[in-house]
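One structure below.
The values are calculated or read from the model by the stated rules, or taken from the named source; none is laboratory data. All values derive from a computational prediction rather than experimental measurement. Cβ coordinates were reconstructed from backbone atoms using ideal geometry, including for glycine residues, and neighbour counts include every protein chain displayed.
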Amino acid sequence: MVFEVIITTDRTMMSNHHGKEFLGFIATGPPIGMPEKLWLYICAPKPRVDELGRPIEAPYGLRKIEAVLQDAGFKAAIIDPDHLYKHVDVVKVVLIGHHDYFAYGPPSSEWWSLTGIEPVNRRSFIRFMNNPVMRRVKEKGAKIIVGGPAAWQWLYELELAEKWGVDTIVDGEGEKIIIELVEKALKGEELPRYVYVGVDNVPSVEEIPVIKGASVNGLVEIMRGCPRGCKFCSVTLRPLRFIPLEKVLAEVEVNIRAGVKGVILHSEDVLLYYADGIKPRPGPVLKLHEEVIKKIGEKRSLAWAHVSLAAIKYAEENDKLISKLTQELILNEHRKLIGVEVGIETGSPRLAREIMIAKSKPYPVEIWPEIVVDAFRIMHENMIIPAATVILGIPGETSDDVVKTIELIEKLKPYRSIIVPMFFVPMGALKKNKWFLRDHLKPEHIDALRVMFEHTVYWAEDIMKIYMSSPLYLPVRFLLKYFIGYVKKKVREYTGKLEEIVKK
Ligand code: SF4
């Protein structure tokens, strides 16, 4: 079979992370304490592929582009980076997608800034682009188009784009624009250097196709966009669209047929599926879960990509929705937990009012810390394990704001969770501001980093035991345990050093 259009990416993206999505985040760190190969073994093992190098599971965003192109009649396929050599002589267009090409996104940029060592994802992507196969692809005249959520990072790396022969950067949702670009590339017409996909050009629900092959860890999208409008976030620039249940179930089916062992429901806020504004409606959310669980059966895992803390509190306090979902539908002897990402961002109501006034809705922003604590308690009681983010260095942040964040994190100690500090990265409505870097740290930031790290270490082993209970995960658990021990030691040394730097 001949593919004129190949969709691909580097190893840190093209992996199912041992079936544990969370392990993929380890690629955002610099390779310290262990050789890089071991890091890659933990976070990005090679996926199963067919004889042509097509992975059985591939990143969801690439699957969408593949589906659009195949539906439009192009000979297009996703190919694993190690198998590109099989297609060098015929490929005419290479499409590349990534979540964090150059490690400028959070939290990669933060680990990099703190340690001064390039993160694994950046190293891996640069290796991929410098690979002789990619060079030969270019020498033979193929066009290279890059996109995905991290497309903006290429604007900081225009020299590399030139060196590697990147023809077009697509910033925004690619489903509509990609057909025109690929047609031009195949006809040998000149391509634009940069395309920004604005609100008027995003695909409608009808134009978003059903994926043709399995996605990494069974991720399926149930919604696009977010109504909360946080100023630091780029998602908020996209209009809100709900994916109809039939389409969601069709994608679950694609994954089951490929033998994927679980489903991740992807949305910026799973509880807002067909919501009434920002108030969750139990009907659609329960129906979604009932139907998905009917399809996946008792043994496959189920996770949520993101949920908002205000929605957790509201849904439980008004409709007991969280306990209904977990206790009556999701949890059983095979599914002992639900993993999810949540955003705390700050413990300061003053700062919350400035940068994310709608994040607390339908509650007033003044009680943001109370919302966070209540939501963590509800999640703890229902075996939902959040990986929470906190942003340090948001423009306009004061020392008092950071102290309030520290106080909030301390109140979260009884609740099983991971809390990840992130340095502010200029995105969304705040993209004209400056990056927050190590040199900007104040003593209270170091205290905040320490408190979050201690919280995460306190819960890490407990979470690992439940999350990776199968004996199959023993080697990974062993390496992670060793790594946590190493990091504990390093953090003690490091925070000491940072304190000295800050005092000077
Ligand atoms: S709630 Fe989350 S996804 Fe929505 S705008 Fe805020 S940060 Fe972005």
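Apart from one condition, Ser234 fits all of (1) in contact with a Pro (Cβ under 8 Å, 6 or more places away or on another chain); (2) over 23 Å from Ile65 (Cα atoms); (3) within 16 Å of the ligand (Cβ to nearest atom); (4) not acidic (Asp, Glu); the exception is (2). For the residues Leu186, Leu249, Leu160, Leu191, the requirement of being in a loop (DSSP other than H, G, I, E, B) and either away from the ligand (no atom under 16 Å from the Cβ) or in the same structural domain as Gly73 (by TED's automatic domain parsing) (or both) singles out Leu191. Can you tell me which residue within region 298-312, out of those that are outside any strand (DSSP E or B) and either within 14 Å of the ligand (Cβ to nearest atom) or acidic (Asp, Glu) (or both), is nearest to the chain's Cα centre (by Cα)? Among residues in region 298-312 that are outside any strand (DSSP E or B) and either within 14 Å of the ligand (Cβ to nearest atom) or acidic (Asp, Glu) (or both), the one nearest to the chain's Cα centre (by Cα) is Ala305. Scan region 444-465 and give yes if some residue there is within 16 Å of the ligand (Cβ to nearest atom), within 22 Å of the chain's Cα centre (by Cα) and buried (at least 20 other Cβ atoms within 10 Å of the Cβ), otherwise no. Looking through region 444-465, none of the residues is within 16 Å of the ligand (Cβ to nearest atom), within 22 Å of the chain's Cα centre (by Cα) and buried (at least 20 other Cβ atoms within 10 Å of the Cβ). When Gly277 is tested against (1) at pLDDT 95 or above; (2) closer than 18 Å to Arg224 by Cβ; (3) surrounded by fewer than 19 Cβ atoms within 10 Å (Cβ to Cβ); (4) not aromatic (Phe, Trp, Tyr), only condition (1) is not met. Check whether at least one residue in region 53-76 is under 30 Å from Cys233 (Cα atoms), assigned to a helix (DSSP H, G or I) and of a type in the set (Asp, Glu), and report yes or no. Taking every residue of region 53-76 in turn, at least one turns out to be under 30 Å from Cys233 (Cα atoms), assigned to a helix (DSSP H, G or I) and of a type in the set (Asp, Glu).
At least 1 residues being in contact (Cβ under 8 Å) with a residue 24 or more places away in the chain and among the acidic types (Asp, Glu) is the threshold, and among the helices (runs of 4 or more DSSP H) wholly inside region 80-144 those reaching it are 108-115. Every test in (1) out of contact with any helix residue (DSSP H, G or I) (no Cβ under 6 Å at 6 or more places or on another chain); (2) part of a loop (DSSP other than H, G, I, E, B) is passed by Thr12 save one, and that test is (1). When the residues of region 353-365 are filtered to those that are within 11 Å of the ligand (Cβ to nearest atom) and in contact with a helix residue (DSSP H, G or I) (Cβ under 7 Å, 6 or more places away or on another chain), the one that is farthest from Pro107 (Cα to Cα) is Lys361.
When you check Ile406 against the structure, is it at pLDDT below 95 and among the β-branched types (Val, Ile, Thr), yes or no? No.
Out of Gly277, Gly225, one residue alone is out of contact with any strand residue (DSSP E or B) (no Cβ under 9 Å at 6 or more places or on another chain), of a type outside the set (A, V, I, L, M), within 14 Å of the ligand (Cβ to nearest atom) and not assigned by TED's automatic domain parsing to the domain that holds Pro107. It is Gly277.
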